[in-house]
Amino acid sequence: MTDLPIREELRGIQPYGAPQLDVPIRLNVNENPYPPSEALAADAAKAVADAVAGLNRYPDREALDLRADLATYLAGESGVDLTPEQVWAANGSNEIMLQILQAFGGPGRRVLSFAPTYSMYPEYARNTATEWVTAPRREDFTVDVDDALAAVVEHRPSVVFVASPNNPTGTAVSLDLVRALHDASPGMLVVDEAYAEFRRAGTPSALSLLAECPRLIVTRTMSKAFAFAGARVGYAAASTEVVDVLRVVRLPYHLSAVTQAVARVALAHAAELQERVEQLRSTRDELAESLRSLGLQVPDSDANFVLFGPFDDRHAIFRALLEHGVLVRETGPEGWLRACVGTPEETETFVRALRKVLAREP
Ligand code: PMP
């Protein structure tokens, strides 16, 4: 590998990814523990069969039916009316972010975010030759408005990424902060709402600011609330002008006919999936309380995971949990671990294992 004429900044770098271990309780990549229902699986199988019958043709390059269904879903979920032309879809919100930096980042340009945050952002920056800069969050992992605006003045970023709720801390930002960042930023503001459906009651979505913020992009995914991580569908909501720019950099026919078909089926089953989201939210709140009752700190989470700690040696805790068959994630600030919300049974087993680990019982 070292002999290959690769870009200097890629030399010696290992591919990114959490360990994919076959253990009984996997709480490490913020997945939804509930598989699609039998009814959804049956409808998806039929839709795939129909799509396969036409696979000699390229898919709908604009994915307009899917984008119309996504707009309908967002109207129901957040009460914000968007046209299909204001919604854009791709293979996971990962691909959406990459397209955003391809269009608005690049050599000589900067992307700013607030650390600790999602570990893929610097990778998108590197891959698009965009300079990656961060400003720190407060000790409680919230973003201070004055610090954020000072960072914008200092760095003059072409793009600002704010994950809300943030991975790995679970914390959301206020709409006042989003509005202030938008107005102070010379470039695009991306609010990454991958976990938005898990937000607590009363936390509004940044979608409601699209009408007044022309350089705002809100990204979402079907990987979490829709329990559709394996299908790879992410999407963005923005002005039509912004979407038209993303359409310039997308690869032609980037979203397969099979992907478009199964995504539309999952959207048709949104109500049933929403019940699972309710369940996960209440399990999340119970999990946070259980961890706090073990004497740990847990920032309030609006996502389907919690950050917990701090530990003197988080790796030792991670290893000990693994010996109990529970896989969590060593990520984010030193001393902290992250676990996503499983079924009530999985979550209970995790808490029981952690109690034993902390008490140093076998
Ligand atoms: N944003 C955040 C904050 C995430 O945590 C994730 C997934 N871990 C993503 C985006 C990407 O999700 P996907 O590509 O599956 O849509």
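Residues that are part of a helix (DSSP H, G or I), over 30 Å from C213 (Cα atoms), among the hydrophobic types (A, V, I, L, M, F, W, C) and away from the ligand (no atom under 16 Å from the Cβ): does the stretch 8-18 have at least one?
First, pick out the residues of the stretch 8-18 that are part of a helix (DSSP H, G or I): 8-10.
If we keep only those that are over 30 Å from C213 (Cα atoms) as well, we get 8-10.
Now restrict to residues that are among the hydrophobic types (A, V, I, L, M, F, W, C): 10.
Of the ones still in play, those that are also away from the ligand (no atom under 16 Å from the Cβ) are 10.
Yes, some residue in the stretch 8-18 is part of a helix (DSSP H, G or I), over 30 Å from C213 (Cα atoms), among the hydrophobic types (A, V, I, L, M, F, W, C) and away from the ligand (no atom under 16 Å from the Cβ).
Just one of the numbered conditions (1) surrounded by fewer than 21 Cβ atoms within 10 Å (Cβ to Cβ); (2) within 16 Å of the ligand (Cβ to nearest atom); (3) in contact (Cβ under 8 Å) with a residue 60 or more places away in the chain; (4) farther than 23 Å from D81 by Cα is not true of T169: (1). Any residue at all in the stretch 247-257 that's of a type in the set (A, V, I, L, M, F, W, C), within 20 Å of the chain's Cα centre (by Cα) and within 14 Å of the ligand (Cβ to nearest atom)? The answer is yes; a qualifying residue exists. Out of A211, A236, one residue alone is touching a helix residue (DSSP H, G or I) at 6+ places or on another chain (Cβ under 7 Å) and not basic (K, R). It is A236.
Of the strands (runs of 3 or more DSSP E) lying entirely inside the stretch 180-240, not one carries at least 3 residues that are more than 16 Å from the ligand (Cβ to nearest atom), of a type in the set (D, E) and not assigned by TED's automatic domain parsing to the domain that holds Y118. Of the residues P107, P136, the single one that is without any contact (Cβ under 8 Å) to a residue 40 or more places away in the chain, closer than 19 Å to L10 by Cα and assigned by TED's automatic domain parsing to the domain that holds E193 is P107.
Residue by residue, here is whether (1) without any contact (Cβ under 8 Å) to a residue 60 or more places away in the chain; (2) surrounded by fewer than 14 Cβ atoms within 10 Å (Cβ to Cβ); (3) aromatic (F, W, Y) holds:
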| position | (1), (2), (3) |
| --- | --- |
| L21 | no, yes, no |
| N28 | no, no, no |
| Y34 | no, no, yes |
| E38 | yes, yes, no |
| A49 | yes, yes, no |
| V52 | no, yes, no |
| L82 | no, no, no |
| I100 | no, no, no |
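Scanning the stretch 225-246 for residues that are within 19 Å of the chain's Cα centre (by Cα) and surrounded by fewer than 16 Cβ atoms within 10 Å (Cβ to Cβ) returns a single hit, G230. When G170, G187 are screened for being within 12 Å of the chain's Cα centre (by Cα), over 17 Å from A90 (Cβ atoms) and modelled with pLDDT of 95 or more, only G170 passes. The criterion of at least 1 residues that are more than 15 Å from the ligand (Cβ to nearest atom) and at pLDDT below 95 is met by none of the strands (runs of 3 or more DSSP E) falling completely within the stretch 57-161. Can you pull out every residue in the stretch 274-303 that is farther than 21 Å from S164 by Cβ and either of a type in the set (D, E, K, R) or not assigned by TED's automatic domain parsing to the domain that holds V351 (or both)? Matches in the stretch 274-303: E275, R276, E286, E289, R292.
Residue selection: A261 satisfies the criterion of being under 30 Å from Y58 (Cβ atoms), touching a helix residue (DSSP H, G or I) at 6+ places or on another chain (Cβ under 7 Å), at pLDDT 95 or above and assigned to a helix (DSSP H, G or I). Considering (1) more than 28 Å from A236 (Cβ to Cβ); (2) loosely packed, with under 12 Cβ neighbours inside 10 Å; (3) not assigned by TED's automatic domain parsing to the domain that holds V341, the lone condition that I6 does not fulfil carries the number (2).
The values are calculated or read from the model by the stated rules, or taken from the named source; none is laboratory data. Keep in mind that what you see is a predicted model, and the values were worked out from it rather than measured. Neighbour counts are summed over all protein chains in view; Cβ atoms, including those assigned to glycine, are modelled from backbone coordinates with ideal geometry.
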